[in-house]
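Reviewing the structure listed below.
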Amino acid sequence: MALFSCSSTNAALLLLTFSLIITSNNYVVSGGNYFEDFDISWGEGRGKILENGDFLTLSLDNYSGSGFQSKKEYLFGKIDMQLKLVPGNSAGTVTAFYLSSGGGLKHDEIDFEFLGNVSGEPYTVHTNVYTQGKGDREQQFHLWFDPTTDFHTYSLLWSPQTILFSVDNTPLREFKNLENKGVPFPKNQPMKLYSSIWNADQWATRGGLIKTDWTQAPFIASYRNFNADDACVASGGDAAAYCASAAATKRRSSPWWLSEKLGPRYEAKLRWVQRNYMIYNYCTDAKRFPQGFPVECYNN
């Protein structure tokens, strides 16, 4: 099933690229090896690569959280990761999965953040897009399933035309390239993939009203089946320039770059998610923008 519509003769190859096998409502993706693809970047042993590199866990206790980062940088691509989030009372915890060019003042970033909750209450999926250091583009969702009982595939697709957040091949959010309307878009800075778990009970759950219950620690998030086969590796030499050139010229080796918009079926899915599961949209928060909403709010 092709996620994007495309008028090119490469449409058949694009269809093959995005074909996914459905098993128990999850999408099976080929997995990379965590030893080869990632470094545990912090946590003093709380992050663990297991099962010969096929499985990874991050844990949080009352001393520290943990995190990992990709060894490679990417400039455009589709990246999948299967996550099983912290079960039970996860209030106060945040598990993040994101692309970032680094921590500088002009950094770019594409964020999934999963805000924990008390047992039986839904996680909040927090999304944001930073361009040249400016974020403040938050949209939040609840999910239509329990993300703690099984693995689900969370995907970030980043092309020169759009950024798409998806879960199990269902789109949650699209952020289009509107540079022609004066909205900056991340397209020049390569990004690494990061994930982490940490304590944010000062704000994460109901604005900080519910604190982390440390008797439930350690809080553990699990990962498998990382896939970046459809991403352009920009690490080293002129790789970033190659990725940008390949995107601009729509080379056959990267057919998904030919996509410019969601097909009608997925536009309908996106509307369904936003109508039924969106709980916050900065583009409708008039108190934040008394002088008028940002330009992209009228075009995304």
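Quick note: the coordinates plus some simple rules give every number you see, no bench work behind them. All of these numbers come straight from a predicted model, not from anything done at the bench. Backbone-built Cβ (ideal geometry, glycine too); neighbour counts: all protein chains shown.
Any chance you could list P(r) for the range 4-298, counting all Cα-Cα pairs in 5 angstrom bins from zero, rounded to whole %? Per 5 Å bin, starting at 0, the Cα pair percentages come out as 1, 5, 11, 16, 19, 18, 14, 9, 4, 2, 0, 0.
When its C-alpha radius of gyration is set against 2.2 N^0.38 Å (N residues), the range 132-239 gives a value of 1.33. Each principal axis of the Cα atoms in the range 83-155 has its own extent, and those three values, largest first, are 39, 21, 19 angstrom. Sequence-ordered 3J(HN,Hα) estimates for the range 81-91 from the Karplus curve with 6.51, -1.76 and 1.60 and θ = phi - 60° stand at 9, 8, 10, 10, 7, 4, x, x, 7, 9, 3 Hz, glycine and proline given as x. Between residue 235 and residue 283, the modelled labels are 3.5 nm apart [label points 7 Å from Cα along Cα→Cβ].
Over 28 Å between Cα atoms: which of 106/176; 84/269; 71/106; 71/181; 187/211; 84/134 fall into that group?
On the way: 106/176 20 Å; 84/269 23 Å; 71/106 22 Å; 71/181 35 Å; 187/211 38 Å; 84/134 30 Å.
Long pairs (Cα-Cα over 28 Å): 71/181; 187/211; 84/134.
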